[in-house]
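Peer 1: Before I ask anything, let me first share the structure, which is written out below as structure tokens.
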Amino acid sequence: MKIVILIGTGLLALVWTAFIALSAAVADWLASQGGQLPGGLYALGQWPMPPWVALWIDPALAETLRASVVWALDLAAALMPWILPLLAWVAPVLWVIWGLGLVALLVLAGLGVFLLGRLRRRSPRPRYG
């Protein structure tokens, strides 16, 4: 059972690290784009709805969702002058959060292994013979 806890902890740590690395890379990329982002957001808002969307959801709902996305992109473009200076801090903050999360994960795994060891020591062993 201890092996299962340790393997699970390793897999969770790997997924957590990959998620933070990807998020930090996206944040760095966004920070490097600088003044090009608002133009890109407006271009994204003008993107036409693919025809296959009508097969899955109601066209009126799709247009409402598109209008909501355009509104969110307009809001993001309006907030861009305040957001861009903060983007330089996002990647380091993400790595600090990664470290705290990894420490918490390791502490929980260690506690689980410790409690499992104590539980097995307390359980009576059957005597044969």
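Peer 1: Would it be correct to say that Ala25 is within 30 Å of Ala104 (Cβ to Cβ), modelled with pLDDT under 80 and open to solvent by less than 80 Å² (accessible area, probe 1.4 Å)?
Peer 2: No, not satisfied.
Peer 1: Another question, if that's okay. Among the listed residues Val69, Val103, Val107, Val93, which satisfies the condition of being open to solvent by less than 100 Å² (accessible area, probe 1.4 Å), modelled with pLDDT under 85 and within 28 Å of Leu22 (Cα to Cα)?
Peer 2: Matching residue, one of Val69, Val103, Val107, Val93: Val69.
Peer 1: Which of the residues that make up segment 28-43 are surrounded by 13 or more Cβ atoms within 10 Å (Cβ to Cβ) and modelled with pLDDT under 80?
Peer 2: Leu30, Ala31, Gln33, Leu37, Pro38, Leu41, Tyr42
Peer 1: Please tell me if Leu55 is open to solvent by 100 Å² or more (accessible area, probe 1.4 Å), at pLDDT 90 or above and assigned to a helix (DSSP H, G or I).
Peer 2: Taking the combined requirement at face value, the residue does not satisfy it.
The values are calculated or read from the model by the stated rules, or taken from the named source; none is laboratory data. The structure displayed is predicted, hence computed values, not measured ones. Every residue, glycine as well, gets a Cβ built from its backbone with ideal geometry; the counts of neighbours run over all protein chains shown. Just the protein is used for accessible areas: all its heavy atoms, side chains included, with ligands, DNA and RNA removed. Shrake-Rupley method; radii C 1.70, N 1.55, O 1.52, S 1.80 Å.
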